[in-house]
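First the structure, in the form of structure tokens, and then the observations on it.
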Amino acid sequence: MENNIALKANHIIKHFYQPEPFKVLKDLSFEVKTGEFLTLTGKSGSGKSTLLYVLSTMDTDYEGELSINGNKLTGQTRNQLAAFRNEHIGFVFQFHYLLLEFNVLDNIMLPALKLNKKSREEIEAKAYANLKLLGMEEQALKMASKLSGGQQQRVAIARALINDPSIIMGDEPTGNLDSKNTQIVFDIFKELAHERGQTIIAVTHDDDFAKNSDRIIEMSDGIIL
Amino acid sequence: MRLSTNYKIAYVHLTSSVKQTIVALMGVVFGISMYIFLNSFVSGTNDTQTTLAFTSLAHIRIYNDGPADHTNLLKLAYGNQIAGNIRNPKVIQYTQGIKNTGAIIDLVRKQPEVTGITPQVNINVFFRNSGNKINGNLSGVDVNNENKLFNISSYMVQGKWNDLQYRPDGLIIGTDLAHTLSLHVDDNINVLTSDGVSKNYKIIGTFQTNVKSVDKTKAYLNITAARQLLSENQDYVTDLQVNIQNYQKTAPVEARIAPVIPYKVESWQESNQQLQAASSLRNIISIAVSLTILTVAGFGIYNIMNMTINEKIKEIAILKAMGFSSGDITSIFLTQAIVIGILGGLIGMITGFIIAQIINHIPFKMAGMNHLPMSYNLSDYLLAFIFGLITTLIAGYLPALKASKIDPVDIIRG
């Protein structure tokens, strides 16, 4: 296995059992290189989001084998996977999902405080640096609930970056944003992938967004086209 | 630091929905304060009843129970092999009262638990005032020791208890007895014994214990005068009354002295089982009611925690996506329950004390009481706190467990 393989999926098969048995992912195998900006596209129901959640380690109910950075993740316990996600994977979702009772800074710092590898001061400095990267440093002490959608999404990205994860996963990260904010998020992702070597895997139905990424995996009915 | 992150999240949850926190808190406060109040009230009632009962009742009584029934001597000697009949058999009691009292008193005094012992000469008599007569109990007492055991001097209405010591012709009688016989202090009263001895005494005082059966029938006399009345020797005693440190723990003392004393040794529990039963029943009722209240409070907490978790289900999913383990989620919500439990417990203890104080000041003039009875036992407060904490722990643990089992994929994908 080469060092520059960030993620490897081997014969991934997944069934849904509700409302009736249905094979969603039909024997998918592919690799993602380190520093690659990958988009998953396809129609609704093609299985692209399902695949992302399998790759994210949150969904463990599949057949096949998944490894990230050479670590085999299939078969690990949920708590082991949670610890792995904490350190190696950053998430950006369509509906931001900030903790609305906390301020922006606390939201960003939480995964790092959980990881507990740096002092609070270092984490705070890192959070400010991330906010600055996203042009949000002035909002640091605002409550998360007071931000606009585009601002919330940028905070979510800043949070995803706090532990310097090797992979950043996005489920429709721009699905809820206007074109201006979409462009901002895209530029950030591109910068992260190309300048920092962080791997990006994003599900999107925005063709322009996908077209400008490094590689597109298009899915249809559970197979890669 | 990992834990402190969980604490911080728990703290934010508690403080951001203050209303819910306060409602949950009120449930615990109410449960615990009611538990404390009820138990204080019941133990106050029990204490009052005990005090009332022990105005004339000692913890242990030693007396001559009379000989065993040996009327059928033939059967005793030959068993059932012989048919015989003794007409009109009688058992003659050779000894009346307790012999060798000095030695027995010394022996009982040596027991470490014993706080006091007093000899009595109890006589069933008729109290007479011209035409009126009442069957009652005349108690010849050792004036000082009697007061040590039963604290009679505090129940005196007229006259002084100690006067009895210097007045062999004096009686101190119950207020109701005095009333029925239309007698007052310094009046004469006639006493008639079962042996037909009649003697006049002077009333030198009256007492009121608030136990009606005592106030209506009892009179006190100096023990020497009582012996004189019966023409008995100066060592004659019918009863020895013994008090010990803890009135509940009569059994070990009884077990130790009974084998070496040739008379009946009887604890108050044996002779007054109804008292013991009543206080046990009151205790059971108060514990049942207060535990019910605590359980209801527990359901309140359970409900509120469940609501909170349903509200925050997306946050829980996102925390799990970010790498918080099931244990972290449990600890976040359990911490909230524990904080509510401890805070509610502390406030509940204070509230319970205040309620007890208020109730304790409500006038209640009956059986010698002025206010509703209340006792303040540290153990009631500690138990209430512990029970409250256990209830909140259980009520918080179940929803916390549910939260920890949330599958983030289900929630985030919708």
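Remarks
- Overall, chain B carries a charge dipole of about 600 debye about its Cα centre when +1 sits on the Cβ of Lys and Arg and -1 on the Cβ of Asp and Glu, all other atoms neutral.
- Within region B:338-413, the percentage of alpha carbon pairs spaced more than 13 angstrom apart rounds to 74%.
- Calculated on alpha-carbon atoms, Rg and Dmax of region A:4-86 in Å: 12.9, 40
- Taking every Cα-Cα distance in chain B and sorting them into 10 Å bins from zero, the calculated P(r) comes out as 4, 16, 18, 16, 13, 11, 9, 7, 5, 2, 0 percent.
- Euclidean distance between Cα centres, region A:90-138 to region B:59-109, Å: 94
- Reachable aspartates and glutamates, given that their alpha-carbon falls under 20 Å from the alpha-carbon of residue B:202 and they are not under 8 places away in the same chain: B:142, B:163, B:169, B:176, B:186, B:187, B:215
- When chain A is treated as a Gaussian network with alpha carbon springs shorter than 10 Å, the biggest mean-square fluctuation among A:131, A:25, A:141 belongs to A:141.
- In this structure, residue B:371 and residue B:179 have a Cβ-Cβ separation that, at R0 = 30 Å, corresponds to a calculated FRET efficiency of about 0.70.
- Sorting B:195, A:106 from the fewest to the most surrounding beta carbons within 10 angstrom yields B:195, A:106.
- Positive-pole candidate from B:207, B:11, A:110, dipole of the protein assembly as shown, charges at beta carbon: B:207
- With helices as the sole contributors, chain A gives -11000 deg cm²/dmol at 222 nm; each DSSP H run of n ≥ 4 counts as -39500 (n - 2.57), and the sum is divided by every residue.
- Comparing B:68, B:225, B:58 in a Gaussian network model of chain B where C-alpha atoms under 10 Å apart are linked, the largest mean-square fluctuation is found at B:68.
- Arranged from fewest to most other beta-carbon atoms within 10 Å of their beta carbon, B:185, B:91 become B:91, B:185.
- Fraction of alpha-carbon pairs over 31 Å apart in region A:5-224 - percent: 19
- When the helices of chain B are scored as -39500 (n - 2.57) per DSSP H run of n ≥ 4 and the total is divided over every residue, the value at 222 nm lands at -17500 deg cm²/dmol.
- Residues whose placed amide H lies under 5 Å from that of residue A:217, excluding near-sequence neighbours: A:39, A:40, A:41
- Residue A:64 long-range amide H proximity, modeled H, under 5 Å: A:13
- Equivalent ellipsoid semi-axes, the protein assembly as shown, via Cα gyration tensor eigenvalues times 5, rooted, Å: 92, 27, 19
- Shielding by partners, peptide A:106-115 (average Cβ within 10 angstrom, other chains): 5
- Per residue of A:49-60, other chain Cβ atoms within 10 Å of the residue Cβ number 3 on average.
- Gaussian network model of chain A, springs between alpha carbon atoms under 10 Å - residue of A:176, A:116, A:212 with greatest fluctuation: A:116
- Inter-part distance where region B:375-414 and region B:136-173 are each reduced to a Cα centre, Å: 60
- 3J(HN,Hα) from dihedral phi, region A:114-121, Karplus parametrisation 6.51/-1.76/1.60, rounded to Hz, x for glycine, proline: 5, 5, 6, 10, 10, 6, 4, 5
- Pairs beyond 27 Å (Cα-Cα), from A:211/B:312; A:146/B:320; B:148/B:216; A:72/B:320: A:211/B:312
- Evaluating 6.51 cos²θ - 1.76 cosθ + 1.60 at θ = phi - 60° for every residue in region B:162-177, the Karplus couplings come out as 5, 4, 4, 5, 9, 10, x, 9, x, 10, 10, 10, x, 4, 5, 4 Hz, glycine and proline recorded as x.
- Backbone geometry of region B:388-393 corresponds, through the Karplus equation with coefficients 6.51, -1.76 and 1.60 at θ = phi - 60°, to 3J(HN,Hα) couplings of x, 5, 4, 4, 5, 4 Hz, x marking Gly and Pro.
- In terms of surrounding Cβ atoms within a 10 Å radius of their Cβ, B:110, A:8 rank from fewest to most as B:110, A:8.
Bear in mind these aren't lab numbers, they're just calculated from the coordinates by the rules spelled out. Since the model is a prediction, treat every value here as computed from it, not as a measurement. Neighbour counts are summed over all protein chains in view; Cβ atoms, including those assigned to glycine, are modelled from backbone coordinates with ideal geometry.
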